[in-house]
Structures are given as structure tokens and as C-alpha cells.
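**Student:** Quick one: structure below, then a few questions.
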Amino acid sequence: MEILVCAKRVPDTSENEIQLVATGNDIERDELVYSINEADNYAVEEALQIVARVGGNVTVATVGGEEDEEILRREMAMGANRGALITDDAFNGSDGRGIATILKAFVQQGHYDLILTGVQAEDGGAQIGGMLAALLDYPFASLVNSIEVLDGGKLKVSREIEGGNKEMNEIDLPCVLSIQTGINEPRYVGMRGIRQVASVPIPTFAASDLGIGVNTIGEAAAKVKRLNYFIPASGRGAEILRGTREQNIDQVLQLVAAKGGLR
Amino acid sequence: MPRIFCSIVHNAGVPDDSAFELAAAARKIDPASSPTAILTGWGANLDAACNALGAFYPETWKIANQALAYPNAELVRQALLRVLPGNSIVLVAHEHFGIDLAPGLSIKLNSAFVSDVLDVVGVEGASLNLVRQEFGGQVSAHVLCDITAGAVVTIRPGAFKAGQPAQADRLVVDKSNETGTLTARRRYLETVAPEAGDVDITKHNILVSIGRGIQEKDNVVIAQELADALGAAVSCSRPVVDAKWMEKSRQVGSSGKTVKPKVYLACGISGAFQHLAGIKGSPFLIAINKNPKAPIFQVADVGIVDDILEFLPALTEKVRELQHVA
């Protein structure tokens, strides 16, 4: 099975306190730790496991700039056969539809049976997979948390729905699936693995390579634009205990006893 | 102003709570609007759901089709595409069905798409100014969405308060004949319930709930020791289950369990809305997190900025000490 995984490099919010630049039109990016979007990493692992069972190849593609190459190398160190960096200044300012349009053009250059994305990016909206499927006119399933390859060009997939229930579906190939975190246990990637792929060339693709009309992508085509960032009003907000650790512990115990009752 | 449609999720004849929140969102987009509800389904359940909406929606469009008895997003999309007027604004709840339906619907309608919206600033010229969150809820963003060709917008559950039912007259319009034959390349098979876990976290008054801040599986015992000392249970947020440090049955959230404890100790939990959606009954919420910017501090009653790997063992020690004295 030929599998394409669409991935994105994002600031790791579990490792970062996000601050805004003074003008509010971006976040402070200088000190941020970036990594592959968590759900995308699960998608790559899932692709590798499928290929291990039924054969085939895994390609990982990202739309971005030179700095995004590092996530492609990381996923190649995990075992992906090929990376693809889709990059062009004309792509800047694209909205979700624009990114999906770029990916559609890339998909049509190859022959993929299955296309995976992460369910959602840290700075995104759970949108690219569903849009890409609609542009390609492929079937789509979101929030996928298990995949079984069936005979006859079909998959059996489960979707994570409310309350821990799983919605089981059969879906025809080719299709697009958005992968939920927790579907598998992504393998560890060590420095040694990354060094081994450090010199493997990663092909780049520009708008002209993919035959993308510049009026369909980029800022000019975007129907959705971010105006600014702001720090949300903190609602009611917690009363922050500012004592020593011992004082805080005493206070927490009093509160727990008063509100919940201790044994 | 374009016409606003709200795509309604319903189950066993009862509209989801989001149905009323979508009506509130529609009125915030256009206070003069009378949003139209649009429901797909089959049989008596569909009719019951349509009738239950009346007070909030002056007009409800009903699409009855046996193929829509289960809400398969691919089939629902086909049905909606055949009845929706051009340039409509379509509101959908941002949950598992909306995530399945909405992005592709926007492509097929050739309209703009904005997901997981928390608030509406208003209409500005040909655009809609909307508020959403990024980076795990640490920052919000204003987003301008060009509605010249309509828009599909998904609305975060719980973000809009359902208004008062106002409409006395109501109209259910049957659109079933306009959809034609529906065919899908994805077929619903069955729904599988989760396995019961060893501990029922929904039955405890005090929950010691851990998140990514617990850092590794071997540290879960720190929370368990505190829970044992307090007579509590250990629950967790999604990253802990994703990492296989705890069973799915311990997860609090929209894709896990809904809990109603008296006290909820959120330990190293950032406070994603999907997690908060599983905490009901307004428990006393104490948050302990290293990151002073963690969104959990916005909703907690009391917050402590500290490292749970040091704070929790010290807390356990103190509880044991007091019990020993008693």
C-alpha cells in the first residue's frame, strides 16, 4: 500500500509558555521548541505499521519552509521511505483551503492508496484532512483510532466518538483519514537514527512543479485570515496560593476537607 | 445578510444541547436573523427531534431518509448540498460529527471555513469576525472570514449560552423529496462500547487527576499514593491515556468519562476544553501546574504554581501525618 502522511511542524505547547509579540500579530517564536505535530507523528507510526503488515511505502510531506525539513528527517529516521518538502513563497498566507489545494496537487503527482493526517494541529482547526478528501473526491473519516486492512480495496476503521465509544466503519480506498492521538505507541527516534538520514536528499516541490495556479493559493485566495492574537480574558480565574509549599499544602488540605470531606 | 442554517445533531428523538447553543451563536452573528434548523434522520425519532426544536427555531428543515438513520457524514453532506441555498452560513457543533462533516462541506459549497469558534465579534462588511483559540488554549485569535460565498463555521460546545425560547409559531418544512438517492463509500457498521475499567472514577467524591505533567508511567504511583491517603481515585487527561500510562476508563473528558466529584485536583493538567467538558457538577477545582499560563488556572477555584512531582509526595506525607495523629 502506498501511503502519504501530511505533517506539520508546530511549537510544542506542552514545552512552551506562549507569549505574544508587542503588536499582537504573532506569537513570540524565537525561544520556542518546535516539533512534529503530535497527532501527525501518530499518523506516521500508523502508516509504518500498516506497511509492515501488508507491504508498500510511506511518504511524509509537509507544506512549509526550509526549517520544516527537520520533521521530515525525523519521520524518515522512524522509517518513512521518502520525505517531500512542498515550498514556495506563493504559498504564504494560505488558509486551510489553500493548504489543502497545495496538497491535492501533490497527491495527484503520485499514486497513493491511503492519505493520513493528524486529527488536528496545535495551531490548526481539524480541517485539512476533510478538505483534501473533498477536493480529491475521496471518502474521509476523522478521529480514527484503529485501522484494519480488508481484502477488496477497503479498510475497517474505528472513530473515537463521545464517552469512549468507537464507531466502526468500512471505507473504500483510496481515502483520507485523520488520525487521533493514542492510536498506537510511536517508536522512539534517537540521535543515531537522525544522523543516518542526515544526508539523504529531500526533494522540494514548488507551485510550478505541481501545476498550482497562483490565484488558488496564498494570501490573495484566502477567505480566512487571522487578524491578531490576544490573551484570553481570564474568566473568573483561580485564586493563586502564593505561600511556601508547606503553607500551600496546609491550605489545600483544609479546602479538600471542607469541600469533599476526608476520611 | 446571508441566511443562517444550523445543522442539528440529535439522538433518540432528543436534540443535542449544542442545538440551542448554535441558535445563540446565529443570533450573535446577526441579531435580526431567524436561524433555520436543518435535521437529517429517519422515522419517529427525527420527527420528535424536529418538534423539540420549535421554541428556538422559527423554521426547521427536515430531511427524512432511511439511509440517514445513522448520521454518516458523507451521506449527510450529500443531502445538505442538495437543499442548501447558495452563499448560506452553516453552523455545526465542533464535535465528532461536525469534525467529520464540516471541512468537506465547505469545499463542496465553495465557501469559507472556520472551526472551533468560541465567540462572535460580528459582521464587518463582507466578513465575519470570529474568535478561536490556538496553542492549547494559551492564546486566542481574531479571525476574519469572507462570507461573500457563504461560510461553514463549527462552534465549540459550551461556548455559547442557550438563549430563552422565544418563538411561539414554528414551521417544519419537509425537504425529504429534494435529496434524491444517497450513496456512500464509507459505511457505518456498529458502535462499540468501551470496556469497563478496574476503578469507576464516576463514583468518587475526590479525584486526583493527572495530566502530561506526570511525565512518565513510573510517576503515576505518586498520584495513586495521594489518592489512597485521601480515599480518592486517580483519573487522568488524554495525554496520559495516549501514552498508555493509564487505562482509557480513567480518562475524564468528552471522549472519556463524565465525572461529578466534589473536589477535583487537576495535577499537571493544562486544561484543554475537551478535558473540562468531562467535569460536571461544578466541583471545587484545585489546579497544580508548573506553567503559570496553563489555561486550567482560568477555570480553577484555587491554583498552585508548583511541580507536581515534588508537591504531590509532600501533600501525601502531610495527609498520612495527620491521619497518624488522629
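Just so you know, all these numbers are worked out from the coordinates, no wet-lab data involved. Remember, it's a predicted structure, so these values are computed and weren't measured experimentally.
**Student:** Using DSSP H assignments, which helices in chain A have an axial alpha-carbon span of 15 Å or above and a mean Kyte-Doolittle hydropathy of 0.0 or higher?
**Tutor:** What comes out of the filter, once short or polar helices are dropped, is A:38-54, A:96-107.
**Student:** For Cα pairs less than 8 Å apart in space and 6+ apart in sequence, what is the mean separation divided by the residue count of chain B, i.e. the relative contact order in percent?
**Tutor:** Normalised by residue count, the contact order of chain B is 14 percent.
**Student:** Counting alpha carbon pairs within less than 8 Å and at least 6 residues apart, what relative contact order, in whole percent, applies to region B:173-260?
**Tutor:** Once divided by the residue count of region B:173-260, the mean separation gives 30 percent.
**Student:** Over chain A, with a Gaussian network built from C-alpha contacts below 10 Å, which listed residue (A:Asp250, A:Asp172, A:Asp30) shows the highest mean-square fluctuation?
**Tutor:** Most flexible of the set in this elastic network: A:Asp250.
**Student:** What ³J(HN,Hα) values, in whole Hz, does the Karplus curve 6.51 cos²θ - 1.76 cosθ + 1.60 give for region B:288-301 when θ = phi - 60°, with x put for Gly and Pro?
**Tutor:** Values per residue, Gly and Pro as x: 10, 7, 5, 8, x, 8, 4, x, 4, 5, 6, 10, 6, 7 Hz.
**Student:** Using only alpha carbon pairs under 8 Å that are at least six residues apart, calculate the relative contact order of region A:1-46 and give it in whole percent.
**Tutor:** For region A:1-46, the relative contact order is 48 percent.
**Student:** Let me ask another. Would you compute, from DSSP H runs of 4+ residues alone, the mean residue ellipticity of chain A at 222 nm, taking -39500 (n - 2.57) per run and dividing by the full residue count, rounded to the nearest 500?
**Tutor:** -8500 deg cm²/dmol, from helical runs alone.
**Student:** Related question: Taking amide H atoms as placed 1.01 Å from N in the peptide plane, list the residues 5 or more away in sequence, or in a different chain, whose amide H sits under 5 Å from that of A:Glu2.
**Tutor:** Counting only residues 5 or more places away or on other chains, the set is A:Asn57, A:Asp113, A:Leu114.
**Student:** Give me, ordered by chain and number, the residues 5 or more places off A:Ile240 or on other chains with an amide H under 5 Å from its own placed amide H.
**Tutor:** The answer is B:Gly303.
**Student:** Hydropathy at least 0.5 by Kyte-Doolittle, axial extent at least 18 angstrom from the Cα trace: which helices of chain B, defined as entire DSSP H runs, fit?
**Tutor:** B:96-109
**Student:** What pairs in B:Lys28/B:Lys108; B:Lys161/B:Lys203; A:Lys8/B:Lys244; A:Lys154/B:Lys257; A:Lys104/B:Lys217 have C-alpha atoms more than 30 Å from each other?
**Tutor:** Violating the 30 Å Cα-Cα cut-off are A:Lys154/B:Lys257; A:Lys104/B:Lys217.
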